[in-house]
Amino acid sequence: QFTNSEICVLKPLLESYPHFCPYEVLLANFNSGNVTEQAVDRCRERLQEAQEAGDWDQEMRPVRNVLSRTRLKMQTFGIDIFSILETGYVLMFQSRRRQQREA
């Protein structure tokens, strides 16, 4: 069963599939269930400011923690969540061989 936080980060990943979901969209969804373009813009600005201040990891840590738990649960369905450097995250189906190894 998924927690509310996990659903908040999983929903935009599913909506973006098969494309990636940008960090700012994940952060906006994590912070608020009802996401607007303005909220995404604010999160984009926050992340840019955090990047400049060297606090990007700290800003994204709660989202990454939830994504880590969500990733484990999604593996049950043969789906993994991959990070794309300086871009966001993407859902990908696991290969059959990998699914068998992890089973």
Go through segment 16-38 and count every residue that is modelled with pLDDT of 95 or more and among the small types (Gly, Ala, Ser). 2
State all residues of segment 41-58 that are farther than 19 Å from SER83 by Cα and either under 17 Å from the mean Cα position of the chain (by Cα) or of a type outside the set (Asp, Glu) (or both); if no residue qualifies, say none. ASP41, ARG42, ARG46, ALA53, GLY54
Quick check: anything in segment 31-54 exposed (fewer than 15 other Cβ atoms within 10 Å of the Cβ), touching a Lys or Arg at 6+ places or on another chain (Cβ under 9 Å) and in a helix (DSSP H, G or I)? no
Flag for LEU72 being touching a Lys or Arg at 6+ places or on another chain (Cβ under 9 Å), within 22 Å of PHE2 (Cβ to Cβ) and part of a helix (DSSP H, G or I): no
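The values are calculated or read from the model by the stated rules, or taken from the named source; none is laboratory data. Keep in mind it's a predicted model, so treat the numbers as computed, not measured. Positions of Cβ are generated from backbone atoms using ideal geometry, with glycine treated the same way; all protein chains shown enter the neighbour counts.
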